[in-house]
Structures are given as structure tokens and as C-alpha cells.
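The values are calculated or read from the model by the stated rules, or taken from the named source; none is laboratory data. Every value quoted in this text rests on a predicted model; they were computed, and no experiment measured them. Neighbour counts are summed over all protein chains in view; Cβ atoms, including those assigned to glycine, are modelled from backbone coordinates with ideal geometry.
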Amino acid sequence: MHVGPTRQGKSLTSKIAMNILSPEFYIDLRSDFTMNSLRRYADAFLLGVCLFANDVTAWLSSKAQRLKDRVIGGLSELVSDAKYIYQDFRQKIELVGAVTMVLNITSESFQNNKDRLFGSTFSERLLTVHYVMTQKEKEEWVEKEEEIRRIHFDSIITVNDIETQVEIPPEYFSIIKYQAKKYSYETLNSPVSCQDLIKAMMRAHAALNKRSSVCLDDLILVTMIQPYLKNPFSPHDGEIVRLRAQGLSLEEICKEIGKGNYKGHVQKVVKKAELRGILPPPE
């Protein structure tokens, strides 16, 4: 899930990714879809594809709440269990396949919907990265946007260009566990889900480089992504969870982060981390 302010390259990034990959890898959902409409892709789902949703902000603003809840729940089941079944007295919808997703959403929409729609059942299955351009990058973007749009790839990546079975040697397990704890602090997701995401990233990076086993390069990718896990609109949350895990009191945490009147927010973040299994429950 790519989160960032409007007009900062999210759509173009997705378009470039799709231009690099063979169409057999993905389905472009655009920004107007329902679980019912996804039935047309049932055969492709069986093969395992990536679902690109370019503008989730527009999708959220155009759908009724009940429909949004159904889609979010359905996608969560599909991504985690590789199966979605819905039935009532009128119809039955069944989708099966090991699918993945790439979603683009504005920072404002993410903030407004993160607790209501992107709760742990869905967001924990996605790597959420936040990116906000610096002033220098904005100025460079104006100069280079048209040049970037004209990028042409002489060849595309096909299934024959990747490794489909990638192993993770046991010596990486302890490092992955350590990195998962750091990921969980920043994302407020459980360490178990963060381990799954890290393993998936490492395997994907190795696969694209046609390696059947992960190596140090794949672990470096994991560390490079870490700065983008922090929500720029809640910059202290990860630090709050880390300090609480070290045994600091709420008052001590406020002092450490330099926020004297922040106890209410600190308590809220700690409570959420406890409910999600990042921190142990209170005694």
C-alpha cells in the first residue's frame, strides 16, 4: 500500500511497474471495483496474479459503507487465505488464488480511513510505505516528469525471467525476527505479520534476480525500506512503542520524545500496540 500526498508520483510508479512486467503478472483494477466484479478474473486468480488498484482514494469516496466493508473483508480473506467465498439466498461468489496487491492512496484518505477500513485484518497483510517528496524533489520532479513518462523498456519481465521457488537459509531467521520487531514498532502491526512481509520481500527480490535462495542483498532491501514505514503524520508512534517495550512509564516516554502534554496520545498508542500483540498486555 503506497501512501503519499496527491500528485507525487504514485500512479506513475504503478504504471512503470506494470510496463516492466508481462501482463500475465497482474490485473489493473483501476479505481472502480467490487468483489462481484472480480469474478470475471476468476481464471487468472487461479494462476496467482497481482491486483493493481491505482486510486483507492476515489474508490473509497464512491462506494457505500456496506459495500466498502464487504470488499475490504473479501480482499483480506483472498490475500491471506487465497480464497474468498460469499453467499446469500440470491448468489454465491467464490474466488480462489494466491493473489497479491498494490494499492495507491493519498495520505489524507489513509489518515481518515486507517482505523475504520484498514484495521489489522487487512493492513497487516500489506506492506504500507509512506512517501512524501522533499522540496528539492518536487522541484526536480517538475523538470523530469515528462522525461520519466517517456521511459521505454526494450524488454519486459516474464515468468521465465524469475525464480519461482526461493528458499530462506536458517541463518537468516534470527535477523528476520529482529527486523520484524523494528517493523512492528513503526507500523503497529504484529511481529508475526511483519515477519511474513519481510520474508515475502526477500523472496520477491531474490526471484526477480533469478536466485533460488535469498542472500545479503535481499536483507539490505529490508533495511532500506524501513524509513518509509513511519507515518509522517504520526511520527512518534513507533518511538512510543519501542520505549514502552523497554519498560518506560507513560510519563517517561513523554519526556523522552519531548512532548510534555502527550500522555493521552501515548496511552492510546500503547493500548493499540497491546491489543495487536506488539506489546504484552498490562498485568
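Can GLN179 be described as in contact (Cβ under 8 Å) with a residue 40 or more places away in the chain and exposed (fewer than 11 other Cβ atoms within 10 Å of the Cβ)?
no
Can you pull out the residues in segment 1-44 that are acidic (Asp, Glu), more than 18 Å from the chain's Cα centre (by Cα) and farther than 23 Å from GLU163 by Cα? Spell out how you get there, then give the answer.
Initially, segment 1-44 is screened for residues acidic (Asp, Glu), giving 24, 28, 32, 43.
Adding the requirement that they be more than 18 Å from the chain's Cα centre (by Cα) leaves 24, 32, 43.
Selection gives ASP32 alone.
Quick test for you: out of VAL266, VAL214, pick the one residue that is among the hydrophobic types (A, V, I, L, M, F, W, C), more than 20 Å from the chain's Cα centre (by Cα) and under 23 Å from GLN111 (Cβ atoms). Show your work before the answer.
Working: VAL214 fails: under 23 Å from GLN111 (Cβ atoms).
Checking each option against the conditions leaves just VAL266.
I'd like the residue in segment 177-208 that is at pLDDT below 95 and among the β-branched types (Val, Ile, Thr) and, out of all such residues, is farthest from SER234 (Cα to Cα).
If we take residues in segment 177-208 being at pLDDT below 95 and among the β-branched types (Val, Ile, Thr), then VAL192 is farthest from SER234 (Cα to Cα).
The rows are residues; the columns are (1) aliphatic (A, V, I, L, M); (2) closer than 24 Å to LYS10 by Cα; (3) at pLDDT 90 or above; (4) not assigned by TED's automatic domain parsing to the domain that holds VAL192.
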| site | (1), (2), (3), (4) |
| --- | --- |
| PHE33 | no, yes, no, yes |
| ASN36 | no, no, no, yes |
| VAL49 | yes, yes, yes, yes |
| ASP55 | no, yes, no, yes |
| ARG90 | no, no, no, yes |
| LEU95 | yes, no, yes, yes |
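Just one of ILE225, ILE151 is closer than 23 Å to GLY4 by Cα, of a type in the set (Val, Ile, Thr) and loosely packed, with under 14 Cβ neighbours inside 10 Å; which is it?
Answer to the selection: ILE151.
Only residues in segment 26-54 that are over 15 Å from ALA98 (Cβ atoms) count as the first member; pair them with residues that are in a helix (DSSP H, G or I) and aromatic (Phe, Trp, Tyr), Cβ under 6 angstrom, at least 6 apart or cross-chain, and list the lot.
Cβ pairs passing all conditions: SER31/TRP59.
Specify the residue that is modelled with the highest pLDDT; the eligible residues are those in segment 64-88 that are small (Gly, Ala, Ser) and either assigned to a loop (DSSP other than H, G, I, E, B) or farther than 20 Å from VAL99 by Cα (or both).
ALA82
With respect to ALA180, is the statement that it is more than 14 Å from ALA245 (Cβ to Cβ) and of a type in the set (Gly, Ala, Ser) true? I'd like the intermediate steps shown before the answer.
Details: more than 14 Å from ALA245 (Cβ to Cβ): no; of a type in the set (Gly, Ala, Ser): yes.
In short, no.
Only residues that are touching a helix residue (DSSP H, G or I) at 6+ places or on another chain (Cβ under 9 Å) and among the aliphatic types (A, V, I, L, M): list them for segment 32-57, please.
MET35, LEU38, ALA44, LEU47, VAL49, LEU51, ALA53, VAL56
Please state which of the following conditions SER61 fails to meet, knowing it meets all the rest: (1) modelled with pLDDT of 90 or more; (2) out of contact with any Phe, Trp or Tyr (no Cβ under 7 Å at 6 or more places or on another chain); (3) not in a strand (DSSP E or B).
SER61 satisfies all of (1) modelled with pLDDT of 90 or more; (2) out of contact with any Phe, Trp or Tyr (no Cβ under 7 Å at 6 or more places or on another chain); (3) not in a strand (DSSP E or B) except (1).
Restricting to segment 136-176, and then to whatever is at pLDDT 95 or above and under 22 Å from PRO227 (Cα atoms), can you tell me which residue is nearest to the chain's Cα centre (by Cα)?
Checking each candidate, the answer is ILE176.
What's the total number of residues in segment 199-244 that are among the hydroxyl-bearing types (Ser, Thr, Tyr) and in a helix (DSSP H, G or I)? Working first, answer last.
Of segment 199-244, the ones among the hydroxyl-bearing types (Ser, Thr, Tyr) are 212-213, 223, 228, 234.
With in a helix (DSSP H, G or I) added as a condition, the list becomes 223, 228.
Selection size over segment 199-244: 2.
Collect the residues in segment 158-176 that are part of a helix (DSSP H, G or I), surrounded by fewer than 12 Cβ atoms within 10 Å (Cβ to Cβ) and in contact (Cβ under 8 Å) with a residue 24 or more places away in the chain, keeping them in residue-number order.
Residue satisfying the conditions is VAL159 alone.
If we scan segment 87-109, do we find a residue that is over 17 Å from the mean Cα position of the chain (by Cα), in contact (Cβ under 8 Å) with a residue 60 or more places away in the chain and over 16 Å from MET1 (Cβ atoms)?
Yes, some residue in segment 87-109 is over 17 Å from the mean Cα position of the chain (by Cα), in contact (Cβ under 8 Å) with a residue 60 or more places away in the chain and over 16 Å from MET1 (Cβ atoms).
On the given criteria, is ILE198 free of Cβ contacts under 8 Å to residues at least 40 places away in the same chain and buried (at least 17 other Cβ atoms within 10 Å of the Cβ)?
The answer is yes for ILE198.
Considering each of GLN246, GLN267 in turn, give the residue that is outside the structural domain of CYS194 (by TED's automatic domain parsing), surrounded by fewer than 18 Cβ atoms within 10 Å (Cβ to Cβ) and within 17 Å of LYS182 (Cβ to Cβ).
Testing whether each residue is outside the structural domain of CYS194 (by TED's automatic domain parsing), surrounded by fewer than 18 Cβ atoms within 10 Å (Cβ to Cβ) and within 17 Å of LYS182 (Cβ to Cβ) leaves just GLN246.
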